[in-house]
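Taking it in order: structure first as structure tokens, then the write-up.
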Amino acid sequence: MYRIKSQRIVLAAVAAVAGAMLCSCSSVYNRMTSDQAKGRLEINVKPFGETSEGQQVRLYTLRNANGLIADVMTYGAIVVTLKTPDRNGKMGDIVLGYDNLQDYIRNSPYFGAIVGRYGNRIGQGKFTLDGVEYKLAVNNGENHLHGGIKGFDKVVWSDEPVWRADAVGVKLSYLSKDGEEGYPGNLNATVIYLLTNNNELRIEYEATTDKATPVNLTHHGYFNLTGGQRDILDHVLALNADKFTPVDKGLIPTGELLPVAGTPMDFTRSTAIGARIGNDFEQLKFGGGYDHNWVLNKGGRSMIAAARVYEPTTGRVMEIRTTEPGIQFYSGNFLDGTITGKGGTVYKHRWGLCLETQHYPDSPNKPNFPSTILRPGQNYETTTIYRFSAK
Ligand code: GLA
């Protein structure tokens, strides 16, 4: 294992100590405490195995000044571990996943990954853009899901450490070639994961292309705020969304935006996930539970509050803000006890929940949805922030 230390930060701490020796005024004291906090930011990098093609994979361990830890690996840009405190300060790993690379490669339902080039479904795996029909890899019934057979969750990204004033991170880059999984254009994608001293996991997405293409990048973390003790049905969820996009049996949006009011899709007030999941509501039957996109109120223009999850036994809270217009809430309905994950934990039905900030599914075929088309010369830029606390 080797450790990367920021010279800038070490120098700042030395300067602050020297300043404090000369002057005891409060501004120096404030600077010192913040510099000392920065001194505890850490990035460690270690090898994490290799793919069957012999590509080396690295694991970054990010640690913030409060002791929160995020492990991110270069295969799939996957968040492997996320340790946050409960209301008693006890740290727990709140994401599902595996202990080693080979298990991720063998069989992962997108645990902790970045999904792309298009997160979520594209109906029939095809779309027409500027008069040309494109056919994508079909990997979910008759539809295209999460970028296809070998999406961004199954490639090795190039990496570099990132130091910011109050955060540590890793910048991951991937060139998705023209024609990959059927998509047009060479797409240069960059994802920066930052663990901030404000106890946030901040994800900054960027992309450019040399041909017009749909792009919809998101993070597919499976959260369990108990630290993996039980299923997520008692987690209490609030979504800042008055509408959702109803789907057909194949989970492709019909194109309508329907009000959530009076349905089990209404999370405008904090509600336990399990409270209505068994209701006789057609949309829940199609998803086997929640597996839908919500239309965020005033979403897609600037950073807005999207979701809040509270777990009553540990007191953990996760708040999500995003620049995206939608959020897919998936209640882990396909988990069925056949996967044994980290530390030998069996991931039973609904053992994790995903809150995937995104554009709406099947947007390339839905002219009334916000556009997901990126053109040459444009910059794709979105940001999503997950903030962790306990009460
Ligand atoms: C997404 C989809 C779900 C499911 C999971 C992975 O969230 O919406 O239907 O495919 O990914 O299992």
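Points to keep in mind about this one:
- For the range 181-271, the convex hull drawn through the C-alpha positions has a volume of 187 cubic angstrom per residue.
- Under the convention that each Lys and Arg Cβ holds +1 and each Asp and Glu Cβ holds -1, the size of the dipole of the range 130-260 around its Cα centre is about 200 debye.
- Helix 7-22 vs. the chain, principal-axis angle (Cα, 0 to 90°, nearest 10): 40
- Compared with the alpha-carbon gap, the fully stretched path from residue 389 to residue 280 is longer by 35.8 nm at 0.36 nm per residue.
- Using a Förster distance of 22 Å, the FRET efficiency for residue 55-residue 334 (Cβ separation, nearest 0.05): 0.20
- Electrostatic dipole magnitude of the chain [Cβ: Lys, Arg +1; Asp, Glu -1; Cα centre; debye, to 20]: 1040
- Relative contact order (percent, whole number), the range 55-165, Cα cutoff 8 Å, 6+ residue spacing: 23
- With a Förster radius of 35 Å applied to the C-beta separation of residue 102 and residue 198, the computed FRET efficiency comes to 0.50.
- Calculated log₁₀ intensity ratio I(q)/I(0) where the Debye formula runs over C-alpha points of the range 42-151, q = 0.21 Å⁻¹: -1.09
- Ranking 239, 279, 144 by Cα position along the charge dipole of the chain, where only Lys, Arg, Asp and Glu carry charges on their C-beta atoms, puts 239 farthest toward the positive end.
- Descending semi-axes in whole angstrom, ellipsoid equivalent of the chain, from the Cα gyration tensor: 34, 25, 21
- Per principal axis, descending, Cα span of the range 130-189 in whole Å: 46, 26, 18
- An oblate overall shape is assigned to the range 142-238, the ratio a/c of its alpha-carbon gyration tensor axes (a ≥ b ≥ c) being 1.5 or greater and a/b not exceeding b/c.
- Extension gain from residue 91 to residue 229, taking 0.36 nm per residue of separation minus the Cα-Cα distance: 48.3 nm
- When Rg and Dmax are taken over the Cα atoms of the range 321-369, they come to 15.1, 46 Å.
- Taken about its Cα centre, the range 95-138 carries a charge dipole of roughly 140 debye when the Cβ of each Lys and Arg holds +1 and the Cβ of each Asp and Glu holds -1.
- Highest to lowest packing among 119-125, 227-233, scored as the average C-beta count within 10 Å: 119-125, 227-233
- Charge tally in the Cβ shell below 12 Å around residue 245, where Lys, Arg are +1 and Asp, Glu are -1, residue 245 excluded: -1
- Length released on extending from residue 46 to residue 210, taking residue separation times 0.36 nm less the Cα-Cα span: 55.6 nm
- Take every Cα pair under 8 Å whose residues are at least 6 apart in sequence, average their separation, divide by the length of the chain, and the relative contact order is 16 percent.
- Restraint check, 177/342; 83/391; 285/366; 285/348, Cα-Cα greater than 28 Å: 177/342
- Report note on the peptides 254-266, 144-156: ranked by the mean count of other C-beta atoms within 10 Å, highest first, their order is 144-156, 254-266.
- For the range 166-215, the fraction of alpha-carbon pairs in successive 5 Å shells from zero, as %: 5, 21, 22, 16, 12, 11, 8, 4, 0
- Electrostatic bookkeeping for residue 110 treats Lys and Arg as +1 and Asp and Glu as -1; over the other residues with beta carbon under 12 Å from its beta carbon, the sum is -1.
- Backbone N under 20 Å from the residue 166 label point (7 Å along Cα→Cβ), restricted to the range 45-74: 62-70
Where a number appears in this text, it was derived from the coordinates with a stated rule and is not lab data. Bear in mind that the values here come from a model prediction, so they are computed numbers and not experimental data. Methodologically, a virtual Cβ is constructed for each residue, glycine included, from the backbone with ideal geometry; neighbour enumeration extends over all protein chains shown.
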